[in-house]
Amino acid sequence: MNAVMKLPEYIRDKFVGREEQLDLTRRIAQKIRDRESVQRRTLIFTGERAVGKSWLLGRLADLLSDEFRFTVLKVNLKDYPIDTRNAESAASAAAGKILLKLAELLEYEPRGTSVPELSRNVIEVARAQLHNKLLAVCVDHVYESDWNLLAALEDYVLGPLAIEPRVLIVMAGRGRPYPFKTPELRFKAELIELHPFESQETAEQLKSLEAAKVEKIYRLSGGNPGANYLLALHPEATAEALNEVIEGMLEPVPEGQRQQVREYLEALCVLNAFDEGRIPTMLAAYYKDRTYEQWTYAQARDARELLTRWAFARWDADQGGYVVHDMSRKLLEQYLQSTWPERWKDLQCAAEQLYNNWVAKFTRSRERWEAESSYHSGQLQKMGQSCPAISAQ
């Protein structure tokens, strides 16, 4: 198997878009600099895999340093893996390392042998310097990190700093939000979801490519910046290229879980929405194994939680279920159509039959399930196909 394609690290000269988020940060930074009261001094950027959170965090660190003369502490939590066998101790040690980074920025020779003592001393120095200094803390991969690490980070670093009026905290992450205890990190935090690029921003990102290739990439990526980059390496979008791009998008998932996550995503990508009631049917069709139809709710929930844990799916109230992120869904379905067309057809037929059954079973929501059934029959018709006639069960 080829090495997994990785997304590039932040490059200042290559950054495009996100003007709304940059302007918001400028307004807050200016108020902090001018000693005006600011209710929300914590910004948390969320969004699907490869939507550009890390790049935005890098750009904001540059902006705060260059335009407003903030001292910027950059923390990438991927650099602090936690040994789960001794999680609390490892998390405390990681927080200590981050405090040492802060002490170095403050040009302070730290004292203290324990992490709590080190925290007290470093935070005390920071508070003294904040009379004539501005501090920004930029934390990446926050929601993907071990909760023991986040607890220690809050106790020893973020919590004490978040209450300071001349400190701006900017975080980025995807997945299940961590329930911070400090009000400034939770109730007073500004939670902002990043969305994929529009076509114009995609064109700017891929300005070295021909317009026709950019348009083709945009149709597949939905404007996701990371997918744009990976697809630009293979603009012909062959099945092999799509496979490499999908593997690149799955790169954050531990190797031991990656194949399982991918198979679940492939099984569910044809659906507009899914839940524990739909997962068994789709897995049975995907694996051609009807024993999956006997899955319990708990088994289906575990499969769903695996996808939401790695932020490849999220709850959508309008759809009344969980949805695979648009970018992942487009890439996966295109890959199935080009590589495993019979499997794609089996999944569409399984979904159509499931919804036909639900039309008969759930009369109060009949129109909803009729619409879903029609969607899947329509997808098949676009490919000149149809499902065998099977009566509702």
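The values are calculated or read from the model by the stated rules, or taken from the named source; none is laboratory data. Note that the structure is a prediction, hence the values are computed from the model and not measured. Cβ: placed from backbone, ideal geometry, glycine included. Neighbour counts: every protein chain shown.
Assuming E19 fulfils every condition listed in (1) over 19 Å from L135 (Cα atoms); (2) at pLDDT below 95 apart from one, which condition is it?
(2)
Given the conditions (1) of a type outside the set (D, E, K, R); (2) buried (at least 17 other Cβ atoms within 10 Å of the Cβ); (3) assigned to a helix (DSSP H, G or I); (4) modelled with pLDDT of 90 or more, report the number of the one that Q260 does not fulfil.
Among (1) of a type outside the set (D, E, K, R); (2) buried (at least 17 other Cβ atoms within 10 Å of the Cβ); (3) assigned to a helix (DSSP H, G or I); (4) modelled with pLDDT of 90 or more, the lone unmet condition for Q260 is (2).
Out of the stretch 29-55, which residues are farther than 26 Å from G175 by Cα and surrounded by 21 or more Cβ atoms within 10 Å (Cβ to Cβ)?
Across the stretch 29-55, the qualifying residues are A29, I32.
Restricting the first residue to the stretch 65-90 and requiring it to be within 14 Å of L168 (Cα to Cα), which pairs with a second residue that is part of a loop (DSSP other than H, G, I, E, B) and of a type in the set (D, E, K, R) meet a Cβ separation below 7 Å and a spacing of at least six or different chains?
So the pair list comes out as T71/K133.
Would you pick out the residues in the stretch 185-221 that are of a type in the set (S, T, N, Q) and either at pLDDT 90 or above or touching a His at 6+ places or on another chain (Cβ under 8 Å) (or both)?
Of everything in the stretch 185-221, those that are of a type in the set (S, T, N, Q) and either at pLDDT 90 or above or touching a His at 6+ places or on another chain (Cβ under 8 Å) (or both) turn out to be S199, Q200, T202, Q205.
Being in the same structural domain as E276 (by TED's automatic domain parsing), in contact (Cβ under 8 Å) with a residue 40 or more places away in the chain and either basic (K, R) or in contact with a Gly (Cβ under 8 Å, 6 or more places away or on another chain) (or both) is the requirement here; does A311 meet it? Break it down into steps so the answer makes sense when it comes.
Working: in the same structural domain as E276 (by TED's automatic domain parsing): yes; in contact (Cβ under 8 Å) with a residue 40 or more places away in the chain: yes; either basic (K, R) or in contact with a Gly (Cβ under 8 Å, 6 or more places away or on another chain) (or both): yes.
Judged against the criteria, A311 is a match.
Given the criteria in contact with a His (Cβ under 6 Å, 6 or more places away or on another chain), under 24 Å from G222 (Cα atoms), touching a residue at least 12 places away in the same chain (Cβ under 8 Å) and surrounded by 15 or more Cβ atoms within 10 Å (Cβ to Cβ), does Q348 qualify?
Yes: the conditions hold for Q348.
Residue-by-condition table, conditions (1) β-branched (V, I, T); (2) surrounded by 16 or more Cβ atoms within 10 Å (Cβ to Cβ); (3) outside the structural domain of T46 (by TED's automatic domain parsing); (4) over 19 Å from T308 (Cβ atoms):
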residue: L206; (1), (2), (3), (4): no, yes, yes, yes
residue: V214; (1), (2), (3), (4): yes, yes, yes, yes
residue: L230; (1), (2), (3), (4): no, yes, yes, yes
residue: E236; (1), (2), (3), (4): no, no, yes, yes
residue: E240; (1), (2), (3), (4): no, no, yes, yes
residue: G277; (1), (2), (3), (4): no, no, yes, no
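Within the stretch 140-166, take every residue that is buried (at least 24 other Cβ atoms within 10 Å of the Cβ) and among the β-branched types (V, I, T) and give me the one that is modelled with the highest pLDDT.
Going through the qualifying residues, I end up with V157.
For the stretch 272-320, name all the residues that are of a type in the set (D, E, K, R) and under 27 Å from Q379 (Cα atoms).
Within the stretch 272-320, D275, E276, R278, K288, D289, R290, E293, R304, R314, D316, D318 meet the criteria.
Can you tell me which residue among L347, L283, L306 is within 23 Å of the chain's Cα centre (by Cα) and in a helix (DSSP H, G or I)?
L306
Quick one: would you say L250 is under 23 Å from P177 (Cα atoms) and surrounded by 21 or more Cβ atoms within 10 Å (Cβ to Cβ)?
No.
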